[in-house]
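Below is one structure, written out as structure tokens; comments come after it.
The values are calculated or read from the model by the stated rules, or taken from the named source; none is laboratory data. Bear in mind the structure is a predicted one, so any value in this text is a computation, not a measurement. Cβ coordinates were reconstructed from backbone atoms using ideal geometry, including for glycine residues, and neighbour counts include every protein chain displayed.
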Amino acid sequence: MGIFITFEGIEGSGKSTQAKKLYDYFIKNSIKAHLTKEPGGTRIGQKIREILLSHWDEKFPPFAELLLYEADRNIHINNVIKPLLQQNYIVVCDRFYDSTTAYQHYARGIDYNLVELLNKTVTEGVKPDITFLLDLPVEEAFKRLNRQKDRLESEGLEFHKKVREGFLKIAEKERERFVVLDGLKNPDEIFEDIIAVLKEKKIL
């Protein structure tokens with residue numbers, strides 16, 4: 001089996017930048033790797049992502065939001081993640097089920113056990129080997145969002161503070177899997193920390 005690496009963090013944390021840097025590093029060093037994301041890591045998922053992140057004039061209930069994220073994940077697992085892991089790829093994923101727990105449970109308030117049951121069911125036994133959490137204050141992260149905000153980014157500061165707190169609680173529970181990184185550091189410094197951790201864990 002391959003290795004599954006995920007990146008998590010609030011909007012504007014820099015996780016997507018670091019996921020891409022790591023993927024580029026693997027390719028440069030002739031390591032079989034694939035970069036993907038949630039939602040939207042498949043063609044079907046791209047349609048689901050469009051629904052989830054667009055602004056609507058209709059009510060978008062939190063439970064419906066949760067189910068769409070889980071549907072995207074199950075399609076992603078079966079079409080991309082599991083097949084590539086079986087071919088011994090390193091799969092680098094920008095967001096995975098920890099985002100669902102942080103956003104839909106800690107911020108939206110959906111029952112923890114229900115979110116965890118759905119996460120466990122749709123992933124069909126696939127779990128990240130290591131998860132990098134880029135942590136920084138919400139106010140700092142939002143200064144970086146210098147474009148039109150999508151539906152999730154448009155939520156208020158208090159919502160995103162709950163997401164951040166949720167991520168930190170998840171990381172505290174799963175210390176063996178999580179590596180919390182200082183998102184205020186220079187992107188190159190953060191990447192050096194990531195490479196150091198991967199070498200320490202014998203992934204590189």
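State which residue is farthest from the chain's Cα centre (by Cα) when the search covers only the range 12-34 and only residues that are buried (at least 19 other Cβ atoms within 10 Å of the Cβ) and not in a helix (DSSP H, G or I).
Looking at the filtered set, the residue picked out is ALA33.
Is there any pair linking a residue in the range 42-69 that is under 24 Å from ILE81 (Cβ atoms) and among the small types (Gly, Ala, Ser) to one that is part of a helix (DSSP H, G or I) and at pLDDT 95 or above, with Cβ under 7 Å and at least six apart or on different chains, and which?
GLY45/ASP72; GLY45/ILE75; GLY45/HIS76
Tell me, which residue of the range 117-160 that is in contact with a Phe, Trp or Tyr (Cβ under 6 Å, 6 or more places away or on another chain) and in contact (Cβ under 8 Å) with a residue 60 or more places away in the chain is nearest to ILE10 (Cα to Cα)?
So, considering only residues that are in contact with a Phe, Trp or Tyr (Cβ under 6 Å, 6 or more places away or on another chain) and in contact (Cβ under 8 Å) with a residue 60 or more places away in the chain, the one nearest to ILE10 (Cα to Cα) is LEU133.
Answer yes or no: is there a residue in the range 56-74 that is assigned to a loop (DSSP other than H, G, I, E, B) and among the polar types (S, T, N, Q). Walk me through how you get there before you give the answer.
Going through the range 56-74, the residues assigned to a loop (DSSP other than H, G, I, E, B) turn out to be 56-61.
So of that shortlist, the ones also among the polar types (S, T, N, Q) come out as none.
Taking every residue of the range 56-74 in turn, none turns out to be assigned to a loop (DSSP other than H, G, I, E, B) and among the polar types (S, T, N, Q).
For TYR106, state whether it is of a type outside the set (D, E, K, R), exposed (fewer than 13 other Cβ atoms within 10 Å of the Cβ) and at pLDDT 95 or above.
Values: of a type outside the set (D, E, K, R): yes; exposed (fewer than 13 other Cβ atoms within 10 Å of the Cβ): no; at pLDDT 95 or above: yes.
Here the answer is no, as TYR106 does not meet what is asked.
Are any residues in the range 35-55 of a type outside the set (Lys, Arg) and outside any helix (DSSP H, G or I), and if so, which ones?
Step one: list which residues in the range 35-55 are of a type outside the set (Lys, Arg), which gives 35-36, 38-42, 44-46, 48, 50-55.
Across the range 35-55, the qualifying residues are LEU35, THR36, GLU38, PRO39, GLY40, GLY41, THR42, SER54, HIS55.
Are there any pairs with C-beta distances below 6 angstrom linking a residue in the range 74-97 that is closer than 17 Å to ILE31 by Cα to a residue that is among the polar types (S, T, N, Q) and crowded, with 20+ Cβ neighbours inside 10 Å, with the two at least 6 apart or on different chains, and if so which?
Hits for this filter: CYS93/THR6; CYS93/THR36.
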